[in-house]
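No value in this document is a laboratory result; all are computed from the given coordinates. This structure is a prediction, so every number in the text was calculated from the model and none was measured. Here the Cβ is made from the backbone with ideal geometry for all residues, glycine too, and neighbour counts use every protein chain on show.
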């Protein structure tokens, strides 16, 4: 009877956790939709307020025109046609480019967060050592150096057909579609992933070092080491999981900068994402394309923030809404 009672209690707890996470996810999804629609609408209003000539011949009240545009864009996925892309439908450009952007953003987040967490753990566990000082110096360097400078430097040094340094494995200068070759695609995306993830790695390293320094002073960790556990084991199994939550919070805050850098990395490495036509669109005043790119950028930031929030809720139940 006791075992059955504990089983029922455990099942009730699992249901409560599932309901809590479900409410959390639905709330965040609603926030994502509101952010994307709101940012696109505000951009549309700002441009048409500064350029009233864009509405020449349109006698509708401006907010009625805005409502019609948002309805067409987000209910029917009709963003119009791009003048700078051969009068192609912008919907087609988005469908072709967004998967590449998602792959680039996802790989960069993995590189940046994993590298930053590992580096911060080393710096906190080995303060003052040569390895820790080198990692801290590299973090500052990557945070301060623009991504296009790092990318162009790597291409000039190690790029295929461009590299000044002779190495057996060079950085591809041509994007390989995933459908052509999985290994070729991964090889062509590796350098963009690393370059885009380096500034994030520097930020995460500094946050992880600060968070873990506080965690290492906790009584339960000193007790674990006093009982005979090796310091490396305590750091890896107990200190790192306890200190990693603030890193995800900071990553969510810095995502707009990561997406901005994504646009630059696409240009440097010729990655065929949706933002490759932004420069021509700005020069030619292709506002339909620019409005669509604004929606895509807001969507990437919002979706990536949602992913970090979900992971943070899984790591730290205190941020979940109560069932």
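Values for this structure:
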| read-out | value |
| --- | --- |
| Helix-only mean residue ellipticity at 222 nm for the chain, each DSSP H run of n ≥ 4 adding -39500 (n - 2.57), per residue, nearest 500 | -25000 deg cm²/dmol |
| Peptides 196-203, 241-248, 283-290 ordered by average Cβ neighbours within 10 Å, highest first | 196-203, 241-248, 283-290 |
| Cα gyration tensor shape of the stretch 143-187, rounded if a/c is under 1.5, else prolate or oblate by comparing a/b with b/c | oblate |
| Two-decimal Rg/Rh across the stretch 131-281, once Rg and the Kirkwood Rh are taken from alpha-carbon atoms | 1.09 |
| Global geometry of the chain, whether rounded, prolate or oblate, following the gyration tensor of its Cα atoms and the 1.5 cut on a/c | oblate |
| Nearest-ten-degree value, helix 62-75 long axis tilted from longest Cα axis of the chain | 60 degrees |
| Relative contact order for the chain, counting Cα pairs under 8 Å that sit 6 or more residues apart, in percent | 28 percent |
| Mean Cβ count within 10 Å, highest first, over the residues of peptides 304-312, 115-123, 26-34, 45-53 | 115-123, 304-312, 26-34, 45-53 |
| Cα gyration tensor shape of the stretch 1-152, rounded if a/c is under 1.5, else prolate or oblate by comparing a/b with b/c | oblate |
